[in-house]
There are 6 protein chains.
Amino acid sequence: MSLVVRNIARAQAAIVDQLAGFGVATVHEAQGRKGLLAPYMRPIYRPAQVAGSAVTCSVAPGDNWMIHVAVEQCHAGDILVVAPTSPCDDGYFGDLLATSLMARGVRGLVIDAGARDIAVLTEMGFPVWSKSIYAQGTVKETVGDVNLPLVCAGALVHPGDVIVADDDGVCVVRREEAPAVAAAAAKREANEVDKRTRLAAGELGLDIYGMREKLAEKGLRWVDEA
Amino acid sequence: MSLVVRNIARAQAAIVDQLAGFGVATVHEAQGRKGLLAPYMRPIYRPAQVAGSAVTCSVAPGDNWMIHVAVEQCHAGDILVVAPTSPCDDGYFGDLLATSLMARGVRGLVIDAGARDIAVLTEMGFPVWSKSIYAQGTVKETVGDVNLPLVCAGALVHPGDVIVADDDGVCVVRREEAPAVAAAAAKREANEVDKRTRLAAGELGLDIYGMREKLAEKGLRWVDEA
Amino acid sequence: MSLVVRNIARAQAAIVDQLAGFGVATVHEAQGRKGLLAPYMRPIYRPAQVAGSAVTCSVAPGDNWMIHVAVEQCHAGDILVVAPTSPCDDGYFGDLLATSLMARGVRGLVIDAGARDIAVLTEMGFPVWSKSIYAQGTVKETVGDVNLPLVCAGALVHPGDVIVADDDGVCVVRREEAPAVAAAAAKREANEVDKRTRLAAGELGLDIYGMREKLAEKGLRWVDEA
Amino acid sequence: MSLVVRNIARAQAAIVDQLAGFGVATVHEAQGRKGLLAPYMRPIYRPAQVAGSAVTCSVAPGDNWMIHVAVEQCHAGDILVVAPTSPCDDGYFGDLLATSLMARGVRGLVIDAGARDIAVLTEMGFPVWSKSIYAQGTVKETVGDVNLPLVCAGALVHPGDVIVADDDGVCVVRREEAPAVAAAAAKREANEVDKRTRLAAGELGLDIYGMREKLAEKGLRWVDEA
Amino acid sequence: MSLVVRNIARAQAAIVDQLAGFGVATVHEAQGRKGLLAPYMRPIYRPAQVAGSAVTCSVAPGDNWMIHVAVEQCHAGDILVVAPTSPCDDGYFGDLLATSLMARGVRGLVIDAGARDIAVLTEMGFPVWSKSIYAQGTVKETVGDVNLPLVCAGALVHPGDVIVADDDGVCVVRREEAPAVAAAAAKREANEVDKRTRLAAGELGLDIYGMREKLAEKGLRWVDEA
Amino acid sequence: MSLVVRNIARAQAAIVDQLAGFGVATVHEAQGRKGLLAPYMRPIYRPAQVAGSAVTCSVAPGDNWMIHVAVEQCHAGDILVVAPTSPCDDGYFGDLLATSLMARGVRGLVIDAGARDIAVLTEMGFPVWSKSIYAQGTVKETVGDVNLPLVCAGALVHPGDVIVADDDGVCVVRREEAPAVAAAAAKREANEVDKRTRLAAGELGLDIYGMREKLAEKGLRWVDEA
C-alpha cells in the first residue's frame, strides 16, 4: 500500500528564511557536520540559494506519476524532495511541473535522478538540484509515497525538515533542530566576520588559531631545504 | 578497409530547422521516447540549441585524423558526429577544427570523447556536446570511416539523420521519420500551451489529467497523518 | 615525520606570466603532450586562466590542517596544489582560506578533492580547480608535507613547477623546462595564426597539412555511396 | 557529542536465521521491494550468505577508531554496519578486527567504504560486503556514534534491524517487521517451487502468469517478419 | 506500437559453435576490431565461454515484462540480449527466468542492466553478462520490442547476429559476416600457435615482428643510463 | 624523443622476496602509509601475491607497441608497470605477451589500462593487476618511454622500485628504502602476532590499545539507551 500524508508539521517560516541566508556550508557546520546530500547533487544553474520545508516523494524508476500527486501537498515555501526506489537518471521533471510548483509558491526541487527542460527552468528561475540532466521521458504506472521519510542522495529526509540548497549542494536540517541550528549558524557567521578581516589583512590562520605548537607536537618540522 | 562516403541524403532544411526549435525533450517524446544519447553528453556552454544533418565519423582512441577527413564532407547545416572505436576522453577537437567547420556553415559537434580550447569555442559560439573536456592532444596515425552508421554515446546514428541538441543533451531523429516527428512535436507543443496556462493558474495535473481514480485503483491512499 | 620546506626555487615571473597567456592546450602540446592533470579537475567558474608557481601540500582524507600550514609558504604569484593521501571529495577549502591566500597574492588553488563556498569564491574571483564541489567540513588532526613532490590528479608536481590552468583543465610544467616550453608555445601559437586564417577562409586541413596521400596509403578510400 | 548506545533490541534469533536462508532477493521482494543497499556493495568472496542483527557505527573519513569501540557492542549473531560521514574508500577493516569480531560470534561486516587483508579474510571465512577493496590505512583521531540510526549505502539502518547479505548484495529488514517479512518470504518461496517446476518443464511464463491478454491491451503485436 | 518479430534468420549452428571456441578477443580481432560491448559488461561467474544467436529485447527501466515475452522467441542455441530504454541497474533477471531459458536450450544472457540470484545462476551453470548485480525487483507495466535491432552496451545488435562471450566480455558478429569471421579467426589462431611457441622459447616479439627498424624511424633511442 | 633505458638498478632479490611475503597492507603501513596505487587496480584472479622490480613503460592510448619494447628490458624477478599517457581501457596485454614475459621469468604485470585473454592468463598463472578487462585490440604506431619514472594509477614509480601486489591491490616501495621497509614490515608483523592471539581470545582492542581514556577525552559517552 502506498500513502500520501496530507498534514505535515513545518518549521517556522522565519527560521527557514534565516537558514536560507546562511547557505549550505555554514548550516552543515552549525549542526555538527551532518545532513549533507551526496556531492553529485548539483544545481542546474548558478547562483541559486534557497531554503524550504521538505515535501518528500518516492518514485519508481522511470516513472514520475507520484510527482503529480506530491504537487498537491506542496505549500508556499516548500521544497519538493524526490528519490527513486532504485537508481535512475531519467528526466522526471520539466517545465510543466515547474510551472505547477511555482504557481503554488514552491521554492525548488531536489531530485536524486534527472531533470529536463533546464534551459526553460533557468529562464523561469526555478532552481533544481539533481543527479543528472537527461531528457528521457517517464511513464505513469506505479505508485509510491508522499510525505513519508526517505533517503535522498544518501541523506535521511523527514517531511517538514528544512532543506537548504545553494551552489555547494544540499543540506537537510531536522525540523525540531532548525531553531537551534539557525542560532548556531548565526553565531558561527558572526565569528567568521572577525576572522575574515584579520585574514584579509594578512594575518595567518596558523597564528589566529594558535596551531603552531600542536603541529610541532604532532611531529611537523620546518626545514629550509628539501 | 576504411571508407569515406561522399554523398549522403539529408532531411529537408525546413524540417531540420523546425526540429531545432522544439528542443531535445519534445522531439524525443514526439518520436516515442527514443533516440537520446547518453546523459553524460553535455554542452560546453549554455544555452545552446541547434539541429543539423549528421555527418558521422569514427576515430581511433587518441587519434583525430579522421575528423580532418570528415570536415570535407560537411555542408552548411550539418552537425559532425564523432565516436571513438573504444572509450576515450582525449581532446580530439579544438578551435582550429571549429574554425574550419564554421567556415563551412557547420552548426556544431557531437563527440563521444573530449574537446579542448573550450574558452575559445565559447567565444566563437561554436557549440559542442562532449563526454569530457580535456586538453590531451591526439595523433594522426589510424584511419576510420566517414558517413557510415555508428553508435555514438549509446545511440545509433545514420549519416543524414537529424541531430537535435540543447541544454538537455542530444537526440537523433531518423532522416525518413523527420517530417513525421516534426509534425508530432508541433502537435505536442501546441497541446502543452493550454496545459501550461492551466498549471500556471494553479490547476493541478491530478485534475487536468484525471489521475485520481487510476491512482486509487493502484492502491494509493490519502491519510491526514503518518 | 612530516616536513615543511620553506625555500623553494621558482621559475622567473616573466616566464610564468607568458605561460599563463598560452593556456593549457598549447602549453601541453609545446612540452610534448605531457603534464596534464586528470580531466575530472574542473574550474569552479568559467572563464578562468592563470599560471603560477606550485606550492605543494599533502593532506589526510577529511583533514585540511596542512592547508593552513601551506598558506604561510605561499608567495605572490603562487598556486597552491593540494592532494589527499587517499581519495577524498570533502570540502577542504572555502572562502576564509581563499581570503588568506588572496591577501598573499596567490593566484589560485588546484585540489584533487573538494571545495566549498563556491558562490563566494566566484564573487571574490579566486579560481579553484577541483575534483568535486562539496560542503563537507574537515578536521585538523593529522599532519602532512608542504613543498615535497607529490602526485596530484595523476600528475607529478614538484614545488616550484609552473601550474597553468584554464577552462580546459590543469597542466604542470617542470620548472627547469619552463623557459623552453614558453618558447615552444610561442612558436606553436605563431604557427597557428596562419593556419587559423586559412581554415577560416575555407581551406581544408587535408590540404594545408598535405594528408591525402598518407591517408590513401593507410587504405582510406572515398566512395560516392555507401 | 558522540554516543555509544549499549543496549539495543534485537530480533529473535530464529527469525534472523530464517531470513538468512531466503537470501536478499526474496527478502527484498517479501517486504515490498525496499531495504536494498546500493549495488556497489559487493562481497569480498563468493558464495557468502548470512543474516544478523545490525550494530551500527559511524566513522570519520580515513578514521577507523569507532570500529574498535563498536566491537565491544557486538554480540554473537550480529553484523557490524559501518558508514563514513563522507564518502571514503580507505581500508578501515582488516584481519585483526575480523579476528576480534569472530571471537565474539559476529557473522559479518557491511561497510560503505573499503576493506583490506581480503585474502586472509577469505581464508578465515569472515564475509565482508564493502564499497571498495583498498589497503589504505586509517587513523584514530575522531569519534563517531555506535548504535544510532544511520544511512549506509543509501539505506536507513536502525540498530537491531536485521541485515541479510548474499552474493546479490545487502538488504535491511526493520526489526519490528522481521517476523512478518520472514513469513511473507516463506510464502513467496513456496510459491516459487511450483513455478520453477513448470518453467523447467518448458511451460512459458506468458502462460503461467496469464500475460498475453494484458500485453495485447498495451499494444504489443506479434509479426512474422520485421 | 511495440513489436515481437517471430521469425528471424540465424547463422549456421556449426559456425556459431566454431566462434564460441575462439573466444572474444580473437573474434573481435578477426573481424577488424569491431563489435565489442562496453567493458563494464562482466560475467557473473568465471570461467564462462559461449556463443549463440541473438534474440533481442528492449525493456523499460525497472520493468522486465518483455523478457517474459522474449523467452517464447528463444530457440536452442540462442543468447538473449536485453537493453533498457534508459540506463538502469535493476535486477531484471533471476533464477526463474534462467530456468525457463535453460529449458529451451538457451545458452546465456547478455543484459545492459542488472541480474540477481547469481549464486543460484552460478550453481545452475547459466552464464550471464551484465552491467550490475542488484537484487532490485522490477515491475510489469510497459511493453517494448523483441527482435528489432537495438544498441546494447554501446554495440548495435541485430536479431540473429552471433554473440560471443567469455571472461573478456562480449562481442557481436553480424550474421552475414559470421562465416568469414570464423574463417579469419581460425587463420589468426593458427598463426598464433607458432608465435606462442617462439615467444615461450624466449624469442622476442621485437624480432619476430621485425619492429626494431620502424621503432628507430619513429625516434626511439636506447641508452644505457637515464 | 622517446627513450629506452637499458640498465637500471634493482633492489636485492632477497629483499624483494621478503616484501612479497608481507603483502600490500603491511608494506604500505611499514613505509608510513604511502605508495598505494588507486583502488581501481584489481587482480584478474585471486589469490595472487607477488613482488618484483619495476620495469616501467609509457604507452599511447590504444597503442601497445612499447610493451613489446619493454619486454626486452625485463629480467627474471621483474614486474612490468605500464601506464597510458591518457586514460584508456583498451586490452593492451594478452596471452602472447604473457608467454613472452613468463619466458623471461617476469612475475606479473601492473597496467593502468585493460588486459584481455584473462581466462588463459589465469590458467597460465600469470598475475595481472589492471584498471579494466577489455578485449579491445591496440595498434602499434606511437612510441613512448621504457624505464623512465612514471605515474601509474596515481603513484609515482621509478624503474627498479619494488612493486608489491596482492588481492588488496598494488604498492610501490622506493628501491633505496626497500631494506628499511622490509625490516619495518617484519617488525610490524611480529608485533601483530601477539595482538591476533589476544583478540582471538576475546580481549578487546579498546583494552589492548588502551583507548578508553582518550575516547572519553574526545567526548565519547556510553549510554544504556538511545
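The values are calculated or read from the model by the stated rules, or taken from the named source; none is laboratory data. These numbers come from a predicted model, not from an experiment. No Cβ is skipped: glycine too gets one built from the backbone with ideal geometry, and neighbour counts run over all protein chains shown. Heavy atoms of the whole protein, side chains included, go into the accessibility calculation; ligands, DNA and RNA do not. Shrake-Rupley method; radii C 1.70, N 1.55, O 1.52, S 1.80 Å.
Each copy carries a label point for D:Glu213 at 7 Å from Cα along the beta-carbon vector; from one copy to the others these points are 2.1, 7.7, 7.9, 7.9, 8.5 nm apart, nearest first.
Residue ranges B:51-57, F:204-210 sort as B:51-57, F:204-210 when ordered by packing (mean number of other C-beta atoms within 10 Å per residue, highest first).
How shielded is C:120-127 by partner chains, expressed as the average number of their Cβ atoms within 10 Å of its Cβ atoms? Kindly include the intermediate steps, with their values, before the conclusion.
On the way: counts 6, 1, 3, 1, 0, 0, 0, 0.
For peptide C:120-127, the averaged partner shielding equals 1.
Hey, can you list the residues from region B:212-226 whose accessible area shrinks by 50 Å² or more with all protein chains present, relative to the chain by itself (probe 1.4 Å, no ligands or nucleic acids)? Residues shielded by partner chains are B:Leu215, B:Lys218, B:Leu220, B:Arg221, B:Trp222, B:Val223, B:Asp224.
Build a GNM of chain D with springs between Cα atoms under 10 Å apart, and of D:Ser58, D:Ser132, D:Ser100 the one that fluctuates most is D:Ser100. Proximity of backbone amide H atoms, modeled 1.01 Å from N, is registered between B:Asp161 and B:Ala54, B:Arg175 at under 5 Å, excluding neighbours fewer than 5 places apart on the same chain. Reducing region D:151-205 and region B:138-166 to their Cα centroids gives an inter-centroid distance of 45 Å. Interface of E with F. Using a 1.4 Å probe and counting protein heavy atoms only, the two chains hide about 3400 Å² of accessible surface, both sides summed. Across peptide F:5-17, the mean count of Cβ atoms from other chains lying within 10 Å of each residue's own Cβ comes to 1.
Taking a ≥ b ≥ c as the square roots of the Cα gyration tensor eigenvalues, with a/c under 1.5 meaning rounded and otherwise prolate when a/b beats b/c, else oblate, which class fits chain F? Each step should come with its number before you reach the end.
Working: a/c = 2.30, a/b = 1.96, b/c = 1.18.
In terms of gyration-tensor shape, prolate.
Once the gyration tensor of the Cα atoms in the protein assembly as shown is diagonalised, the equivalent ellipsoid follows with semi-axes of 41, 41, 36 Å, ordered largest first. Looking at region A:1-159, the accessible area is 27 square angstrom per residue; that uses a 1.4 Å probe and ignores ligands, DNA and RNA. How much of the accessible area of chain B, probe 1.4 Å, is carbon plus sulfur, in whole percent? Summing carbon and sulfur atoms, their accessible area is 51 percent of the total for chain B. Spacing of the modelled spin labels on B:His75 and B:Asp17, each 7 Å from Cα toward Cβ, amounts to 1.5 nm.
Counts of other chain beta carbons within 10 angstrom of each beta carbon in peptide A:182-192 average 0. Short to long, the 5 Å bins of the Cα pair-distance histogram for region A:1-132 hold 2, 10, 20, 24, 21, 15, 7, 1, 0 percent of all pairs. The spacing between region B:1-46 and region A:58-101, judged by their C-alpha centroids, is 28 Å. Scoring F:169-176, D:102-109 by mean Cβ neighbours within 10 Å over their residues and listing the highest first yields F:169-176, D:102-109. Solvent exposure of B:Asp224, expressed as accessible area, is near 80 Å², computed with a probe of 1.4 Å over the protein chains only.
Computed with a 1.4 Å probe over protein heavy atoms only, the accessible area of D:Lys140 comes to about 70 Å².
Label-point distances for C:Ala180 to the equivalent site in the other copies, using a point 7 angstrom along Cα→C-beta, read 3.2, 5.0, 6.4, 6.4, 7.5 nm when ranked shortest first.
Projected label points at C:Tyr209 and C:Trp222, each 7 Å from Cα along the beta carbon direction, are separated by 1.7 nanometres.
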